[in-house]
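As structure tokens, the structure follows; a few thoughts come after it.
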Amino acid sequence: AKIAGGAVSVQGRVERNLKLAARDAQIASEIGGSVDARVGSLKLLPGAVVRGDLVVYGPKEPEISPQAQVLGRVEYHKREWERAGFWAWLWRWVWMSLAMLIVGFVAIAVAPSWANRVSAMITGKPWSSILTGLACLLLAPLAVALLLVTVVGIPLALILLALYVVALLLSGVFVAYLVGGWLLDRLRRPQSTPYLRMAVGAVAVAICVSLPWIGWLVQLLVLLVGFGAVVLDQREFALRLRTQGLA
């Protein structure tokens, strides 16, 4: 279980591990695994049982009732959790925003129409983009590993690996471009420059990805839909070039 809040009271049994993030927390039930608590204060009330370890990060040591049990080890790490958490979140947000801005501005400058094509692919085929992104994310490293087995396949493996890395870097960028355009449309600024769309989208996506607890899920979704849309766009682009060449 993962629980976050201002004041948290755990009164139901947790079968496995428990992660807590709260200003004030209490545990009054049985925890089948270990407890990882990043809290301002933590109390184990009478009758509480932690069958694994109790690891606490915060400004105060945990208060453990004599009628409570911790069957594993108890670790306390003194930390100004509120301040440290805020600066860690701020640093992560700034770093991700700058990274997407730099890569996004370069992509827009080199291929201005590319961002529009991929954005249209995401809005037009969202589920296809997600499924394609999942397949490529899993299968591309396997293909690289198989190609590296043979001497002839090594150059192809390096090329595929380079394309894989580029697609990963651009996946978040194109999603940010789409989000920035959507936000500016809501603000009644549909004629904004591509660079402004990229800047607004990068800030918004970085905030969502940096959120505690759910940020990893947002990041995974951004990666899948962006990666898949890039692959689908390149496939359709290659088909158009082949059709025009035959024509």
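Looking at the chain, what % of its DSSP beta bridges pair antiparallel, to the nearest 5?
Details: 0 of 33 bridges.
DSSP beta bridges in the chain are roughly 0 percent antiparallel.
Would you grab the residues whose amide H sits under 5 Å from the one on I64? Only those 5+ places off in sequence or on another chain, please, with H modelled 1.01 Å from N.
Those lying under 5 Å, H to H, from I64 are L44.
Residues of segment 1-86: accessible area per residue at 1.4 Å, in Å²?
Working: 4810 Å² over 86 residues.
Result: 56 Å² per residue.
Mind ordering 92-98, 165-171 by average Cβ neighbours within 10 Å, highest first?
Numbers: 92-98: 16.0, 165-171: 17.6.
Descending mean neighbour count gives 165-171, 92-98.
Could you put E15, E75 in order of accessible surface area, largest first, with the 1.4 Å probe and the full protein assembly present?
On the way: E15 120, E75 50 Å².
From most accessible down to least: E15, E75.
Would you please give the residues with an amide H less than 5 Å from that of V50, counting only those at least 5 places away or on a separate chain, with H modeled from the backbone geometry?
I31, Q69, V70, L71
How far is helix 126-147 tilted, in degrees, relative to the longest principal axis of the Cα atoms in the chain, given as a value from 0 to 90 rounded to the nearest 10?
90
In the chain, what percent of the accessible surface is made up of carbon and sulfur (1.4 Å probe, ligands and nucleic acids excluded)?
Numbers: 9780 of 14450 Å².
Percent of accessible area from carbon and sulfur atoms in the chain: 68.
How far apart, in nm, are two points set 7 Å out from the Cα along the Cα-to-Cβ line at V149 and at T193?
5.2
Helix 112-124 sits at what angle to the longest principal axis of the chain, using alpha carbons and giving 0 to 90 degrees rounded to 10?
60
Against the longest alpha carbon principal axis of the chain, how many degrees, from 0 to 90 and to the nearest 10, is the axis of helix 153-186 turned?
Tilt relative to the chain: about 80 degrees.
R117 accessible area, nearest 10 Å², 1.4 Å probe?
Rounded to the nearest 10, the figure is 70 Å².
At 7 Å along Cα-to-Cβ for each site, give me the label-to-label distance between A99 and E63 in nm.
4.1
Label the chain by shape, choosing from rounded, prolate and oblate, from the square roots a ≥ b ≥ c of the eigenvalues of the Cα gyration tensor; if a/c is under 1.5 it is rounded, and otherwise prolate applies when a/b is larger than b/c, oblate when it is not.
Numbers: a/c = 3.04, a/b = 1.96, b/c = 1.55.
Note, shape of the chain comes out prolate.
So what J values fall out for segment 57-67 if you push phi through Karplus, 6.51 cos²θ - 1.76 cosθ + 1.60 with θ = phi - 60°, rounded to Hz, Gly and Pro as x?
Per residue, the Karplus-derived 3J(HN,Hα) values read 10, x, x, 10, 5, x, 9, 10, 5, x, 8 Hz.
In whole Å, what is the distance between the alpha-carbon centres of segment 93-168 and segment 5-72?
Here the answer is 42 Å between Cα centres.
Per residue, how much accessible area does segment 173-229 show when a 1.4 Å probe rolls over the protein heavy atoms, in square angstrom?
Numbers: 2880 Å² over 57 residues.
Spelled out: the 1.4 Å probe surface of segment 173-229, per residue, equals 51 Å².
Would you kindly find the accessible area of V70, with a 1.4 Å probe and non-protein molecules such as ligands, DNA and RNA excluded, rounding to the nearest 10 Å²?
Rounded to the nearest 10, that gives 40 Å².
Once amide H atoms are placed 1.01 Å from N in the peptide plane, what residues at a sequence separation of 5 or more from K19, or on another chain, have their amide H within under 5 Å of its amide H?
The answer is K2, I3, D36.
What percent of all Cα-Cα pairs in segment 1-78 falls into each 10 Å bin, going from 0 up to the bin containing the maximum distance?
The calculated distribution, bin by bin, is 22, 63, 14.
The values are calculated or read from the model by the stated rules, or taken from the named source; none is laboratory data. The model shown is predicted, which means the values in this text are computed figures rather than measured ones. No Cβ is skipped: glycine too gets one built from the backbone with ideal geometry, and neighbour counts run over all protein chains shown. When the accessible area is computed, the model is the full protein with side chains, heavy atoms only, and any ligands, DNA or RNA have been set aside. Shrake-Rupley method; radii C 1.70, N 1.55, O 1.52, S 1.80 Å.
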